[in-house]
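Trainee: Structure in structure tokens, see below.
Computed from the coordinates by the stated procedures, all read-outs in this text should not be read as laboratory data. This one's a predicted model, so the numbers in the text were calculated from it and none came from an experiment. Glycine gets a Cβ as well: all are built from the backbone with ideal geometry, and neighbour counts include every protein chain shown.
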Amino acid sequence: MKRKALVFRVPAAALEEFEEVERRDWTEGLTLDELVEWVNAVAARFRPDEVGDDSRASRNLTPRTLRHYQTLGCIDMPARRGRRAMYRFRHYVQALLLRKLVWERMPSERIAALMAGRATEELKRLLFEGIEVTARGTPAEPPSGGEMWFRIRVAPGIELAMQDGMENPGETALRGWMERIESSLRARFRE
């Protein structure tokens, strides 16, 4: 039985706030408590309605839970300066992605494997896949007939819209789509 995909809808202001956080000076890092507070503030906006309060994923991340996921390899260990643990932007992205994947009911072993060896930019891309950015925090109108569409934010100002329920197209078709997307982008930016 195919599980229904969760719909992550966030207001454009939340995305702008994420970008501001990314631009912040991360030299000093955050404490564990600060990181957890920041993640919980943002994750509250990303949490899909479909998760519900009876989910195994609690509404808030705790320092204990974050350390647990560190021991499982889902989140990197922090840098240390003396006795102080310093969490950086990468940890922030990992924790937000972790929340999203837990809400999608992905087992922690798979989350650890997914996170392993990936650059921060790649983790950001995974975080924003399947997230629909809305103007005022409300879902955009479906293109037609009440169909559900998902938006994948590729870069600032560039989104890919995909209809829910599409079957895996296969490698050949996927390669063809990628070539058409690349061709369209190159043509657009040559103008």
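Trainee: Can you sort 83, 188 so the residue with the fewest Cβ neighbours within 10 Å comes first? Write down the numbers at each step before the final one.
Mentor: Values: 83 5, 188 9.
So the ranking, lowest neighbour count to highest, is 83, 188.
Trainee: Let me ask another. Provide the FRET efficiency to the nearest 0.05 for the residue 79-residue 106 pair, computing r from the beta carbons and using R0 = 30 Å. Mind showing how you got there, number by number?
Mentor: On the way: r = 27 Å, r/R0 = 0.89.
The value I calculate is 0.65.
Trainee: Modelled label-to-label distance, residue 175 and residue 67, 7 Å Cα→beta-carbon offset: nm?
Mentor: 5.0 nm
Trainee: So, by mean Cβ neighbours within 10 angstrom, what's the order for 105-112, 61-68, 156-163, 86-93 with the highest one leading? Intermediate values should be presented prior to the final figure.
Mentor: Numbers: 105-112: 13.8, 61-68: 15.2, 156-163: 11.1, 86-93: 21.1.
Listed from highest to lowest mean packing, they are 86-93, 61-68, 105-112, 156-163.
Trainee: Under the rule a/c < 1.5 gives rounded, and otherwise a/b versus b/c splits prolate from oblate, where does the stretch 85-125 land using the Cα gyration tensor? Provide the component values of the computation, followed by the final result.
Mentor: Numbers: a/c = 1.75, a/b = 1.51, b/c = 1.15.
Judged from the Cα gyration tensor, the stretch 85-125 comes out prolate (a/c at least 1.5, a/b above b/c).
Trainee: Between residue 162 and residue 118, what is the label-to-label distance in nm when each label sits 7 Å out along the Cα-to-Cβ direction?
Mentor: Roughly 1.3 nm, to one decimal.
Trainee: Just rank 174, 127, fewest to most, by other beta-carbon atoms within 10 angstrom. Show your work: numbers first, answer last.
Mentor: Numbers: 174 11, 127 21.
Ranked by crowding around the Cβ, least crowded first: 174, 127.
Trainee: Could I ask something else about it? Can you put 76, 25 in order, fewest other beta carbons within 10 Å first? Show your work: numbers first, answer last.
Mentor: Details: 76 13, 25 6.
By the 10 Å Cβ count, ascending, the order reads 25, 76.
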